[in-house]
Amino acid sequence: MTLRLPTLQTIAEDDGAVVILDQTRLPQETAFVRLATLADAAHAIRVMQVRGAPLIGATAAYGVALGLAEGILLETILATLGATRPTAVNLHWALDRMERVLQKSSLASVAKERRELAWSEARAIAHEDAAANAAIGQHGLAILRPLAEQKKPIQLMTHCNAGWLATVAHGTALAPIYAAQTAGLAVHVWVSETRPRNQGLLTAWELAQAGVPHTFIVDNAAGLLMMQGKVDAVIVGADRIAANGDTANKVGTYLKALAAKAHGVPFYVAAPISTIDFACPDGAHIPIEERAAEEVGVGATAAANPAFDVTPVNLIAGIITERGVVAADNLASVMP
């Protein structure tokens, strides 16, 4: 069966199931997958059919609803989804929220009402993510406006994909770029290929769809471009931000932050508050996902394939959240 969504989006409800945009097939093919069971949702997260911390969280929330519809115990559902990927904190944030709501509500004692409550809360998480990311775009736009007065077009760099594909809507790191385009600011984006899964191709695909000028670069060209004065700012997303401001993002982010610091280029992180893990004291306590060596494609040679690295707080100019831009070492100011 060929699935379609009314508009191109990452996730949508579909008569007791969920339809996702299969990101493992982009940009070569636009295809959708229907998730009807807990196992479907867990598989989609694990193999990266959905990716990006905010979207992983929303998918996990819907996975809880799907599992309850199958009659699976909540504890089993939470354990199954929680084991899919270790680094993206939005996954565990969403599962904790679902568990808290389902256990505390008086409606949760009746199976039917419990299932309906799960769907309602998953829907709320998705809607809130879209709204938070729209706000991130506007707060990030305030950073970009002064740059537009100095230079046209604004030269920005990003790493991995933190656009609308990684969220329910709007994106995180790309949200300010889309807001700038809407506001009439001239922007050009240097898009890092992001080995080994080449997720920069997704960013390039997104920007092409939106008509944003961009150039795809090999990962190791980033430092040279900054040295040559061709980058005004770097904006990346995040999979987990520790309480002290240390930030985990796709592997290779740390190297760009070091180069940015060396050449006086401001380095920003854009993420919703749900990505901040106030229970994690610093970057040394962030679990780093190690993916299979086969993804690197080196055959019989031993290979290390960490999916993320950690950028220390002192390299980050600011964190763009839905509540405004905050100093990376002052995250307590945006606590709910």
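Considering only the range 294-328, state which residues are outside any strand (DSSP E or B), modelled with pLDDT of 95 or more and among the charged types (D, E, K, R). Those that are outside any strand (DSSP E or B), modelled with pLDDT of 95 or more and among the charged types (D, E, K, R): E322, R323. Applying the condition of being touching a strand residue (DSSP E or B) at 6+ places or on another chain (Cβ under 8 Å), small (G, A, S) and not in a loop (DSSP other than H, G, I, E, B) to the range 150-193 and asking which residue is surrounded by the fewest Cβ atoms within 10 Å (Cβ to Cβ) yields A180.
Restricting attention to the range 177-217, the residues that are closer than 30 Å to A303 by Cα and either touching a residue at least 24 places away in the same chain (Cβ under 8 Å) or of a type in the set (D, E) (or both) add up to 18.
For the range 252-291, the candidate set comprises residues that are surrounded by fewer than 19 Cβ atoms within 10 Å (Cβ to Cβ), part of a loop (DSSP other than H, G, I, E, B) and hydrophobic (A, V, I, L, M, F, W, C); within that set, the residue that is farthest from the chain's Cα centre (by Cα) is A279. Please go through the range 142-152 and give me each residue that is modelled with pLDDT under 95 and either β-branched (V, I, T) or touching an Asp or Glu at 6+ places or on another chain (Cβ under 9 Å) (or both), ordered by number. The answer is L147, Q150, K151.
The values are calculated or read from the model by the stated rules, or taken from the named source; none is laboratory data. Remember, it's a predicted structure, so these values are computed and weren't measured experimentally. Glycine gets a Cβ as well: all are built from the backbone with ideal geometry, and neighbour counts include every protein chain shown.
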